[in-house]
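The values are calculated or read from the model by the stated rules, or taken from the named source; none is laboratory data. In this text the structure is predicted, and so the values were computed from the model without any measurement. Please note: Cβ atoms are built from the backbone with ideal geometry, for glycine as well, and neighbour counts cover all protein chains shown.
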């Protein structure tokens, strides 16, 4: 594993290796054990999209591993003034030991990795959110002590979360069901993978059908960053795709996961969110541990 660009790049064995290390790092932190495998190393963090959890978890993670992180927004770098991504990649590779980018186009992530001589980590793109899904899988495995054989259900927009969960879930031997309104389905590459993966996959426009017998239910906001102008249209299209108490009744007493931030009363009711808040914030915490595992494996 040279980079982490999207879930498609990881094998089931890669995912297991990352999760096993993440579990160990979390236990070490709980026990007050501090190792510094990245002592003296620096991670450049490029943010073309703002974030709370991504920035804090990567920055804290680098500190805990003995390294240092540098935050670069569009206002803080020449990318925001039109410098070609290949030039930024080559410059940062001379200064830093790794690069994390949170951006819009997957092509930006891929091009950065093509020109970089150090590991590149996708902190989020419009196509995939691998760091979040690794944390999600870690959280589910903590609860059930396994992944294979469980049913994963995703309800909402066929966005980067849906794409990455489909691929990650199937690679880990999970049954995956996705419910999206017509016209808001997951990306073609994710659906093509699901078609040929040989696993149990269902795509439907019926949330209750998708949730039936689910062990874990995922959802996400209806309008992601950059889609604010579509908010009104999306609220109309996604009516009926809320994770509420009625939907939860058809699940297998499922746990609930949300990558946050959540719009309470839209994609998830306040009642369901608070009933599963411990699971959701365990998921948020596990961003730290999963990303530390990725950074150690790539940069140590």
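Per-residue answers, yes or no, for (1) assigned to a loop (DSSP other than H, G, I, E, B); (2) outside the structural domain of residue 99 (by TED's automatic domain parsing); (3) touching a strand residue (DSSP E or B) at 6+ places or on another chain (Cβ under 9 Å):
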| residue | (1), (2), (3) |
| --- | --- |
| 22 | no, no, no |
| 27 | no, no, no |
| 30 | no, no, no |
| 35 | yes, no, no |
| 38 | yes, no, yes |
| 49 | yes, no, yes |
| 54 | no, no, yes |
| 60 | no, no, yes |
| 63 | no, no, yes |
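When 226, 213 are screened for being on the phi > 0 side of the Ramachandran plot and under 18 Å from the mean Cα position of the chain (by Cα), only 226 passes. When we screen 203, 152 for residues that are farther than 20 Å from residue 260 by Cβ, in a strand (DSSP E or B) and either in the same structural domain as residue 293 (by TED's automatic domain parsing) or touching a strand residue (DSSP E or B) at 6+ places or on another chain (Cβ under 6 Å) (or both), the only hit is 203. How many residues does the stretch 187-219 hold that are buried (at least 22 other Cβ atoms within 10 Å of the Cβ) and over 20 Å from residue 171 (Cβ atoms)? The total comes to 3. If you go through the stretch 94-107 and keep only what is surrounded by 19 or more Cβ atoms within 10 Å (Cβ to Cβ) and in a helix (DSSP H, G or I), you end up with just 106.
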